[in-house]
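Quick note: the coordinates plus some simple rules give every number you see, no bench work behind them. The structure displayed is predicted, hence computed values, not measured ones. So basically every Cβ, Gly included, is an ideal-geometry build from the backbone, and we count neighbours across all protein chains shown.
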Amino acid sequence: MIITELKQGVKNPNRVNVFVDSKYAFSLDVVQVVDYKLKVGREITGDELAELKKASEFGKLYQRALEKALTRPHSEREMRDYLFRKLKNSSSDTLKAVRPSLRSSEEFSEFSDAILQRLISKGYVNDRRFAEFWVENRFVKKGVSKKRLSMELMKKGVARDIIDEVLDGRNDEEEILKIIAKKRNKYDDEKLISYLVRQGFSYQLAQSQVREYGKD
């Protein structure tokens, strides 16, 4: 088999359509074409064609993951879950052939893990940056307890030491006042205290703040 044409993609100029024996075979991004040293006239074997098709799917999935990573900071776990869903639900025959049996969201193929590691190495996925983003934007006006933020970040797969560092200096007393200001006229004291406890604040803090800031 011989590569007979390399043609720039129409929808995505950064991808190159590769024709083998005058028929479209697959597409790669420009960097992959250079890495694989592809050129018109090069002869390839069946095994090489299979590898190149796998690389094609890798490039497509990486691009989708990159686009998602650029929408906002994501944790490593969020991106793993995203890649898992994409890989599991893909209709691509090539992906079906290269992916192993996935039993849970914690068991990923080398295929998707390689994409995640590339995103991490290039700085597109970073747990600390994600944690800082989450804390800064989560219920900014409504108020939220350190306990609740910690639980949310743990569910996102962020390590305990990163959570502690990011939450260091956060003041629950300031946060609880935001909620009291919004809910003060909606609940009586006991119901408001119960609500605040459910939001992750300690009973002692909730009680003292509710008693101090009574209804006008």
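Values computed for the structure shown
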| read-out | value |
| --- | --- |
| Built amide H within the under 5 Å cut-off of V125, gap 5+ | I120 |
| Cα-only Debye scattering, the stretch 1-44: base-10 log of I(q)/I(0) at q = 0.20, 0.25, 0.31 Å⁻¹ | -0.54, -0.82, -1.15 |
| Entries of K147/K191; K37/K68; K54/K88; K39/K86; K88/K147; K156/K182 with Cα pairs more than 25 Å apart | K37/K68; K39/K86; K88/K147; K156/K182 |
| C-alpha long axis of helix 76-89 to longest principal axis of the chain, angle in ° | 50 degrees |
| Rg and Dmax [Cα atoms of the chain; Å; Rg one decimal, Dmax integer] | 25.5, 84 |
| For L70, L149, L205, order by how many other beta-carbon atoms lie within 10 Å, fewest first | L70, L205, L149 |
